[in-house]
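Below is one structure; the comments refer to it alone.
All of the numbers you see were taken from the coordinates with simple rules; none came from a lab. It should be emphasised that the depicted structure is a prediction, and the values quoted were computed from it without experimental measurement. Here Cβ is always computed from backbone atoms with ideal geometry, including for glycine, and neighbour counts include all displayed protein chains.
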Amino acid sequence: MSALYFEEYSQDWGYETESKLITDEDITTFVNLHGFLTPTFTNSAYMHGMKDYGGRMAPGLMILCMAEGLVLNAGVTRRRGIFLMGLTPNFKKPVFAGESIFNRVRFKSKRLSSKPDRGIVVTQHQVVTNKGDIAIEYDSTRMIRTRLFVEPPEQAE
């Protein structure tokens, strides 16, 4: 997908990212790096013994981060996004090791900022598992360059 300027977002715009497999290694790395050191995420016997889990559950914030990574890797904001202003996640269902996710993105709204070379774009997201379950719904608010943006010569490719 090619990157979009602010002006290119419209009511009918949307896309779906590629999918990403969630592995035990992904969960272990995230849990250790961020200190999610509770039995829910670290004790295999505990996880498999609980009827509510039945497998290795990934932290919701990990899935949110991976979903945002899928958006970035799709390239839609590459060299157009200035910064991420906000996320409003609503965690619906757990995701377990061995499941895959993809991110379904739809345009929600936009407005120009106080500077004419940038605007604010809000998109709606559904993080969907390979089972068809919606794991997370969230809105993302980003500052995006308009076509008036002039890139400094030292940053241009």
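Tell me the mean residue ellipticity at 222 nm calculated for the chain from its helices only (DSSP H runs of n ≥ 4, each -39500 (n - 2.57), averaged over every residue, nearest 500).
Value at 222 nm, helices only: -6500 deg cm²/dmol.
Among the aspartates and glutamates, which have Cα under 19 Å from the Cα of LYS131 when same-chain residues fewer than 8 positions away are ignored?
Within the straight-line cut-off, LYS131 pairs with GLU16, GLU18, ASP24, ASP52, GLU99.
So, in nm, how far is label ASP117 from label LEU148 when the simple model puts each one 7 Å beyond its Cα toward the Cβ?
In this crude spin-label approximation the distance works out to 1.1 nm.
Note down the relative contact order for segment 30-157 as a percent, whole number, built from C-alpha pairs under 8 angstrom at least six residues apart. Don't skip to the end; give the middle numbers.
Details: 212 pairs, mean separation 29.0, N = 128.
Relative contact order comes out at 23 percent.
Relative to the longest principal Cα axis of the chain, at what angle does helix 60-74 sit, 0 to 90 degrees, rounded to 10?
It works out to around 40 degrees.
Tell me the angle of helix 24-34 to the major Cα principal axis of the chain, expressed in degrees between 0 and 90 and rounded to the nearest ten.
Helix 24-34 sits at roughly 70 degrees to that axis.
In which sequence would MET62, MET85 go, from the one with the fewest C-beta neighbours within 10 Å to the one with the most?
Values: MET62 21, MET85 12.
By the 10 Å Cβ count, ascending: MET85, MET62.
Under the 0.36 nm per residue contour assumption, what length would be gained going from the current alpha-carbon distance of ASP139 and SER10 to full extension? Please report the intermediate quantities before stating the final value.
Numbers: separation 129, 0.36 × 129 = 46.44 nm, distance 1.59 nm.
The span from ASP139 to SER10 would gain 44.8 nm if fully extended.
In nm, give the distance between the simple-model label positions of SER44 and GLN124, each being 7 Å from the Cα along the Cα-to-Cβ direction.
For SER44 paired with GLN124, the spin-label model returns 4.2 nm.
For a footprinting-style exposure proxy, rank TYR5, TYR46, TYR138 by other Cβ within 10 Å, fewest first. Can you show the working numbers first?
On the way: TYR5 16, TYR46 13, TYR138 19.
The fewest-first ordering by Cβ neighbours comes to TYR46, TYR5, TYR138.
Please name whichever of GLY132, PHE96, MET143 sits farthest to the positive end of the charge dipole of segment 49-157, dipole taken about the Cα centre and charges placed at Cβ: Lys and Arg +1, Asp and Glu -1.
The Cα lying farthest towards the positive end belongs to MET143.
Sort PHE6, PHE41, PHE91 so the one with the fewest other Cβ atoms within 10 Å of its own Cβ comes first.
Details: PHE6 23, PHE41 20, PHE91 16.
Lowest to highest Cβ neighbour count: PHE91, PHE41, PHE6.
Label points 7 Å out from Cα along the Cβ direction at ASP52 and ARG79: separation in nm?
Taking the simple label geometry, ASP52 and ARG79 are separated by 4.8 nm.
Evaluate the charge dipole of segment 67-150 about its Cα centre and quote only its size in Debye, nearest 20, assuming +1 on the Cβ of each Lys and Arg and -1 on the Cβ of each Asp and Glu.
500
In debye to the nearest 20, how big a dipole does the chain give about its Cα centre with +1 on each Lys and Arg Cβ and -1 on each Asp and Glu Cβ?
Numbers: 19 positive and 18 negative charges, 98 e Å.
Dipole size: approximately 480 debye.
When only alpha-carbon atoms count, how far does segment 42-157 stretch along each of its three principal axes, as whole angstroms with the largest first?
58, 29, 20
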